Number of protein chains: 4
Amino acid sequence: MIPAMSSINDAREVARRRLPHVIYEFIIGGAEDEQALRANLHAFQRLTLRPRVLVDVSVRDLSVSVFGTRIALPVMIAPTGLARLAGREGDIAGARAAGRNKTIFTLSCMSSHTIEEVAHASSGPLWFQVYLWRHREVVESLVVRAKAAGFQALVVTVDVPINGKRERDLRNGFVVPPRPTLHTAVDILRHPRWVLTLRPPITFKNLAPAASPQQTIAHAKYFNEVLSNPAATWREIDWLRDLWQGPIIVKGILTPEAAEEAVAHGVDGIIVSNHGGRQLDAAPASLDALRDVAEAVHGRVELFLDGGVRRGSDVIKAAALGAKACLIGRPWLYGLASGGEDGVVRILEILREEIDRTFILLGRRSFTDLDRSVVGSSRNGEELAHATPHQR
Amino acid sequence: MIPAMSSINDAREVARRRLPHVIYEFIIGGAEDEQALRANLHAFQRLTLRPRVLVDVSVRDLSVSVFGTRIALPVMIAPTGLARLAGREGDIAGARAAGRNKTIFTLSCMSSHTIEEVAHASSGPLWFQVYLWRHREVVESLVVRAKAAGFQALVVTVDVPINGKRERDLRNGFVVPPRPTLHTAVDILRHPRWVLTLRPPITFKNLAPAASPQQTIAHAKYFNEVLSNPAATWREIDWLRDLWQGPIIVKGILTPEAAEEAVAHGVDGIIVSNHGGRQLDAAPASLDALRDVAEAVHGRVELFLDGGVRRGSDVIKAAALGAKACLIGRPWLYGLASGGEDGVVRILEILREEIDRTFILLGRRSFTDLDRSVVGSSRNGEELAHATPHQR
Amino acid sequence: MIPAMSSINDAREVARRRLPHVIYEFIIGGAEDEQALRANLHAFQRLTLRPRVLVDVSVRDLSVSVFGTRIALPVMIAPTGLARLAGREGDIAGARAAGRNKTIFTLSCMSSHTIEEVAHASSGPLWFQVYLWRHREVVESLVVRAKAAGFQALVVTVDVPINGKRERDLRNGFVVPPRPTLHTAVDILRHPRWVLTLRPPITFKNLAPAASPQQTIAHAKYFNEVLSNPAATWREIDWLRDLWQGPIIVKGILTPEAAEEAVAHGVDGIIVSNHGGRQLDAAPASLDALRDVAEAVHGRVELFLDGGVRRGSDVIKAAALGAKACLIGRPWLYGLASGGEDGVVRILEILREEIDRTFILLGRRSFTDLDRSVVGSSRNGEELAHATPHQR
Amino acid sequence: MIPAMSSINDAREVARRRLPHVIYEFIIGGAEDEQALRANLHAFQRLTLRPRVLVDVSVRDLSVSVFGTRIALPVMIAPTGLARLAGREGDIAGARAAGRNKTIFTLSCMSSHTIEEVAHASSGPLWFQVYLWRHREVVESLVVRAKAAGFQALVVTVDVPINGKRERDLRNGFVVPPRPTLHTAVDILRHPRWVLTLRPPITFKNLAPAASPQQTIAHAKYFNEVLSNPAATWREIDWLRDLWQGPIIVKGILTPEAAEEAVAHGVDGIIVSNHGGRQLDAAPASLDALRDVAEAVHGRVELFLDGGVRRGSDVIKAAALGAKACLIGRPWLYGLASGGEDGVVRILEILREEIDRTFILLGRRSFTDLDRSVVGSSRNGEELAHATPHQR
């Protein structure tokens, strides 16, 4: 049974207690001074919404259509590497939970489950995420397998030409190869239930189906040093465009200029994202960037937002500023840590319930009913001053 | 005897000590992250006032005329459900205190006292508040009784098509049916004096004159699930307009568009309110909304403000921005918890004394003497940084 | 010997330790939520100054001319009632210290020393402060005595038609008549040295030369209730204008409109002041008001600032925005509490040293060398976030 | 071996533990209320950067050319007096570390090592810093020696016509002559390793090659009182211009007007600096001033920034706003305290790694690839609210 959780914050709190500190900090952490991470949250909190009253909202429709696929609510699961660190079933749990909530699960190429396992377990629409690694054949083989397994769209992460500087991980010795501090080791032993998630060993299963921890570390090193590709350009997108007939979505765009290039290269969608504040710490907040990008793109491709979504009202704010749907990263891992598949279902239910309630309070019936006029003036900073200090 | 209290903050502090935590948090709580709640308070604190000096203010008149009724000060008591939770005499105490202070008491339809009991006990003008429930006959019977009992005006709350998400109540198990945590149960037992307020049982007496706690819970469920009406539209206002000849005041308007609709449907007054931050957490501050609404309405109906009034100067600020009077919700419950009827009288006296003193310091003699020119530039956030952290 | 003190903050800290809490809070407190008090400090901290470099500043002149009197630095001592509460010698110490520093001391009419005693003790220029009490004969007798005693100018406080609501004093029972809490009584006994200051009893000596504590309390009641005059108008200024040939300075102006009236009624100077945040809590910061007033007055009368001056750079900022000089209230009482006359001298020396050092760093030689161009853009709030939290 | 340090903050933390409190506070402290110090840091944190994606950044060039000298990264070491207080090898360690990182070391004239010693130890380009002391012959002899020793450029500090008011030092008794408090003395004894750095005694070796502590104190007094020169004007720059054929760089400019004068007097470079917040506390942030100065100078001389650089991204922000390179003061002392020469090398490596990573994340290959368009909108203050509170 999953513990009582009424909000994403509650789930984060449960995750904090259940996970070893090193894992919890790996999940919640951002780059350097975590400015971009905090900016993501504050950008939502600053925005007010303008309610209509005495509108018949007895029937609401939270569904949206994403590349022709109807999903029950505009909240999708973002690709996150090594999800199994947060919970034994990892991406299997996530994909099943998304399916049960009739929304899209995005599988990270750095999963500890294979493409085929996830496709087999899932009952809903699936997207697959890739990096533009140096060795095209590695990427190609993954893409081919994803196509065969029935994944509907390809998410290409473009904001990781190199990993961001995550200082919590550096402090905790959560690096490749690991350098656990004594404190970290003791803390792990105090979470015996979590230790069970390490059986079978957590590996990058799509890249090496069976691996020992040692091999996993070797792989991680390999990806970081050999595959990672600061030389990737839009030509890689052209190449993928030929390889993949379904929708291609570029993840990690923050400026109108980059969005224009994406459109010019024939992508179908853009995920406006600063990678949850884990890459460039000086990056603007995702929501602030969405506003600019939406004006430039003007409906030519579908827009999505990733970063800072913690409330149903956040999803509505993003929609009002032009996002078709939002992706959640940390929140689904909190759910996974709190209660496995049921925990992730709970996260999606919380957001669905919050969106629905906010629709009723706003006098809106559906996402087609929203536009910029629902967004009011911005709050000043002081209202945020007492917000949950550890909120992520 | 009531304890020494010099300000609304003092009264809140007394209430905090006297009430079980679950009840105190039910009163002070807001929706979700409590942004709208904090915004209400900060909107007042940001505004400065511009004093005149060497004006003869030896005689002041704090009274205002509301729909032709002269009240001694422009502070009225807002409708609050289940007021008896804060103090044994509940709305009886509130109505008597308002009468002693020659101002208006608004009775919630969710009172634990009957319309007739309150009318009988009160010596001053009364308003009655209703929701636009699904079953018009329930509403109609209340309205007919209120008319018969001599209530002067009808307040129609339009911002509760569904209850807001109050996470303090969820955490405390203060839900329907109740799920008290062990902590809550122990805490209640530590407040034996408060436990006495549960005799006779707290019920929704206007809807079921005699009820056991079990029946009350059943009723609450019934209201939440059966009566609550997300289908209500302005047609319900038209219907009420035919039913009720006195003033109709719509409570819960936050935008000029909604105010225009209210005027078009023949209401007599508007209470600009975000329901004390208890409904839509993304809502703007009441005072900020008042400014916009007042410009649009331009005197066609009487305007009131509800939300965040904690000082006499707040009443003056609202008046300068166009409100005929303010309603106080939490403050009168603090008074009730602190000293019953005398406690509520004390709250109104504190505000009267603060308004009067501020008038003298501002060089103003009456509310007709106020206009926008008394409002100065806004403060920045930093002055607020050290404000009483628990202020509500 | 006075303790080591490098700044006004240091002196406040010494005062905090030496004074009973009730007295310390009486001095540092403001009205209601102390917004105006904090705003005074922050208005200075927000402003930046633009330094010149490689200017010969080997010789500086910190003196200014106030109504034709040369004073060694543009920092004067503000009138403060009951100064003896902060230190045994009270206004005698203040007047002597001002004289030793060749600046002006302003004697409050609520002093515990007589006009004649202070005039006798002082070696420097003196101003005398009055209220516009109901009974003109009381005011007149004081003014006649002040003239006879050689006081040069008359300061008329116009922002106390009633006392502000000082909640610290209400909480501490520091009211008329006193209602000391047990905590206050014990705390006073723990400051035996301070108790000595109560011999001879602290009275309003100009109004009743010899008085017991009981009589003092009776007097305070009398002033509050009988003399205080919310009916005072600019006609009182006209009357004083006939009575007093020297400069008349109106203290407590915060708007251009009020400043215009003052000029129209023939005053010679204006002290822009919100009474140290002790009267109208919604008042603007003194420095913000100075900017507006200076533009309106445009040199027709001499302007002064009172409120929030804690650094030499504050004096320079006020001068750049149009103030001839600043008055210090709380700071001189901190000095008095820290070391009597020598403590006040130290306060003035600290400010002189800070002004001088800031002149050198700014590349300015004198106050005639300053104008608006030395003021730079404003800081945002965040730089202030870590400022000494208890700063007053 | 130096301890693990991933960021400048980490190094500061190591320095805090290793140094006696009095020394640590001497290094981190600013003037008066430390507003300018905090403003330096916040000015960087407020600025966002706009990333390009899918740009080939496999090859980056972090080098820049400063007066024709190629340096490996645009981070140079600022002149800091008495560096030996932070670590035994002092400027020798700094100069060697800069040389190993192929960047410029600036030697303070207040060094505890001679010009010749530093020149002999260093393998990289060197600048020499002077004050415009009263006795030109003292300055001239230093300049002649620096020229003979092969120093390439002369940095003339113009913002110290007098020392700023550093209240931490006053509180700790770190003044001339020293007045150590008991607390300070005990604290020093608890850092026996640091006490070793006092052998040989720390002196101003360029001014008096061999000195006892007593003589050093006498010298400090001499410099403060006799040499310091509030009479210095731009004529001193003209005089130096004749004396020194290499580049002359004026350090401590904060306004366009001062920059114009510098250009008019033939300087080659300007270091925009508020002296790390140690001089005029009301000064604007270095980065804010850079923006204004760069617009005025418009490429006529080379611009540099000093103050608040703690991240590689800060260097990029300064470059985008017009700085050729940045100087680091406190950070190199943190490195020195943490691990001597290797510690300083580590500081430069950290910044180089951060600049490089940020270049990759921004899609930029070199500093010539940067302009104002990389700078995005400013953050509000709230993102900064949770930044490391002790960050310097």
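The values are calculated or read from the model by the stated rules, or taken from the named source; none is laboratory data. None of the values given here were measured: they were computed from a predicted structure. Reconstructed Cβ throughout: ideal geometry from the backbone, glycine too, with neighbour counts over all protein chains shown. Please note that ligands, DNA and RNA were not included when accessible areas were found on the heavy atoms of the full protein model with its side chains. Shrake-Rupley method; radii C 1.70, N 1.55, O 1.52, S 1.80 Å.
One residue is enough: does segment A:217-230 have a residue meeting the conditions small (Gly, Ala, Ser) and surrounded by 18 or more Cβ atoms within 10 Å (Cβ to Cβ)?
Checked against the condition, which is being small (Gly, Ala, Ser) and surrounded by 18 or more Cβ atoms within 10 Å (Cβ to Cβ), segment A:217-230 yields at least one hit.
Quick one: C:Ala119 ticks every box in (1) farther than 23 Å from C:Val66 by Cβ; (2) open to solvent by less than 40 Å² (accessible area, probe 1.4 Å) bar one, so which box is it?
(1)
Mind checking whether some residue in segment C:247-256 is buried (at least 20 other Cβ atoms within 10 Å of the Cβ), at pLDDT 95 or above and over 25 Å from C:Asp281 (Cβ atoms)?
Looking for residues that are buried (at least 20 other Cβ atoms within 10 Å of the Cβ), at pLDDT 95 or above and over 25 Å from C:Asp281 (Cβ atoms), one finds at least one in segment C:247-256, hence yes.
Looking only at helices (runs of 4 or more DSSP H) that lie completely in segment B:193-279, which have at least 1 residues being over 30 Å from B:Pro20 (Cβ atoms) and in contact with a Gly (Cβ under 9 Å, 6 or more places away or on another chain)?
B:234-243, B:256-264
So which residues in segment D:218-248 are free of Cβ contacts under 8 Å to residues at least 40 places away in the same chain and closer than 19 Å to D:Gln279 by Cα?
Correct list: D:Glu225, D:Thr233.
For segment B:80-157, which helices (runs of 4 or more DSSP H) that fit wholly inside it have 1 or more residues that are closer than 24 Å to B:Gly29 by Cβ, touching a Phe, Trp or Tyr at 6+ places or on another chain (Cβ under 6 Å) and in contact (Cβ under 8 Å) with a residue 12 or more places away in the chain?
B:90-100
What's the total number of residues in segment A:366-380 that are of a type in the set (A, V, I, L, M) and assigned to a helix (DSSP H, G or I)?
Residues flagged as of a type in the set (A, V, I, L, M) and assigned to a helix (DSSP H, G or I) within segment A:366-380 amount to 1.
Within segment A:217-231, which residues are of a type outside the set (D, E, K, R) and away from chain D (no Cβ under 11 Å)?
Within segment A:217-231, A:Ile217, A:Ala218, A:His219, A:Ala220, A:Tyr222, A:Phe223, A:Asn224, A:Val226, A:Leu227 qualify.
Which ones in segment A:33-51 are in contact with a strand residue (DSSP E or B) (Cβ under 6 Å, 6 or more places away or on another chain) and either assigned to a helix (DSSP H, G or I) or of a type in the set (Val, Ile, Thr) (or both)?
Those that are in contact with a strand residue (DSSP E or B) (Cβ under 6 Å, 6 or more places away or on another chain) and either assigned to a helix (DSSP H, G or I) or of a type in the set (Val, Ile, Thr) (or both): A:Arg46, A:Thr48.
From the list B:Val53, B:Val75, B:Val66, pick out the single residue that is under 24 Å from B:Gly246 (Cα atoms) and surrounded by 24 or more Cβ atoms within 10 Å (Cβ to Cβ).
Answer to the selection: B:Val75.
List the number of the failed condition for B:Glu137; all other conditions in (1) of a type in the set (D, E, K, R); (2) over 17 Å from B:Leu107 (Cα atoms); (3) surrounded by 14 or more Cβ atoms within 10 Å (Cβ to Cβ) hold.
(3)
Only one of (1) assigned to a loop (DSSP other than H, G, I, E, B); (2) touching a residue at least 40 places away in the same chain (Cβ under 8 Å); (3) farther than 30 Å from C:His265 by Cα fails for C:Asp169. Which number is that?
(1)
Would you confirm whether or not segment C:19-32 contains a residue that is within 11 Å of another protein chain (Cβ to nearest Cβ) and either assigned to a helix (DSSP H, G or I) or open to solvent by 20 Å² or more (accessible area, probe 1.4 Å) (or both)?
Yes, segment C:19-32 has at least one match.
What residue, of D:Arg46, D:Arg12, D:Arg60, D:Arg96, is in contact with a helix residue (DSSP H, G or I) (Cβ under 8 Å, 6 or more places away or on another chain), within 14 Å of another protein chain (Cβ to nearest Cβ), closer than 20 Å to D:Glu349 by Cα and crowded, with 21+ Cβ neighbours inside 10 Å?
That would be D:Arg12, the only listed residue that is in contact with a helix residue (DSSP H, G or I) (Cβ under 8 Å, 6 or more places away or on another chain), within 14 Å of another protein chain (Cβ to nearest Cβ), closer than 20 Å to D:Glu349 by Cα and crowded, with 21+ Cβ neighbours inside 10 Å.
Taking B:Ile77, is it more than 10 Å from every other protein chain (Cβ to nearest Cβ), within 18 Å of the chain's Cα centre (by Cα) and closer than 30 Å to C:Asn224 by Cα?
It is false that B:Ile77 is more than 10 Å from every other protein chain (Cβ to nearest Cβ), within 18 Å of the chain's Cα centre (by Cα) and closer than 30 Å to C:Asn224 by Cα.
Would it be correct to say that D:Ala283 is in a helix (DSSP H, G or I), within 14 Å of chain C (Cβ to nearest Cβ) and modelled with pLDDT of 95 or more?
Here the answer is no, as D:Ala283 does not meet what is asked.
Please go through (1) at pLDDT below 95; (2) at the interface with another protein chain (Cβ under 9 Å from one of its Cβ atoms) for D:His390 and return the number of the only condition it doesn't satisfy.
Exception for D:His390: condition (2).
Take segment B:332-368 and flag every residue that is of a type in the set (D, E, K, R) and within 14 Å of chain C (Cβ to nearest Cβ).
Once the filter is applied, which keeps residues that are of a type in the set (D, E, K, R) and within 14 Å of chain C (Cβ to nearest Cβ), segment B:332-368 yields B:Arg346, B:Glu349, B:Arg352, B:Glu353, B:Glu354, B:Asp356, B:Arg357, B:Arg364, B:Arg365.
Taking the condition away from chain D (no Cβ under 14 Å), on the phi > 0 side of the Ramachandran plot and out of contact with any Cys (no Cβ under 9 Å at 6 or more places or on another chain), does A:Gly124 pass?
No; evaluated as a whole, the condition is false for this residue.
Looking only at segment C:145-196, how many residues end up being within 11 Å of another protein chain (Cβ to nearest Cβ), crowded, with 21+ Cβ neighbours inside 10 Å and of a type in the set (A, V, I, L, M, F, W, C)?
Qualifying residue count, segment C:145-196: 3.
Test D:Gly308 against the criterion of being within 20 Å of the chain's Cα centre (by Cα), at pLDDT 95 or above and not in a helix (DSSP H, G or I), and give yes or no.
It is true that D:Gly308 is within 20 Å of the chain's Cα centre (by Cα), at pLDDT 95 or above and not in a helix (DSSP H, G or I).
Across segment A:286-302, what is the total count of residues that are open to solvent by 10 Å² or more (accessible area, probe 1.4 Å) and either assigned to a strand (DSSP E or B) or within 12 Å of A:Lys251 (Cα to Cα) (or both)?
1
Given the residues A:Trp239, A:Trp234, which is the only one that is open to solvent by 10 Å² or more (accessible area, probe 1.4 Å) and within 9 Å of another protein chain (Cβ to nearest Cβ)?
A:Trp234
One line per residue, one yes/no per condition, for (1) assigned to a helix (DSSP H, G or I); (2) closer than 17 Å to B:Asp281 by Cα; (3) not charged (D, E, K, R):
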site	(1), (2), (3)
A:Lys317	yes, yes, no
A:Leu333	yes, no, yes
A:Gly339	yes, no, yes
A:Asp342	yes, no, no
A:Leu348	yes, no, yes
A:Glu353	yes, yes, no
A:Asp356	yes, yes, no
A:Ile360	yes, yes, yes
A:Arg364	no, yes, no
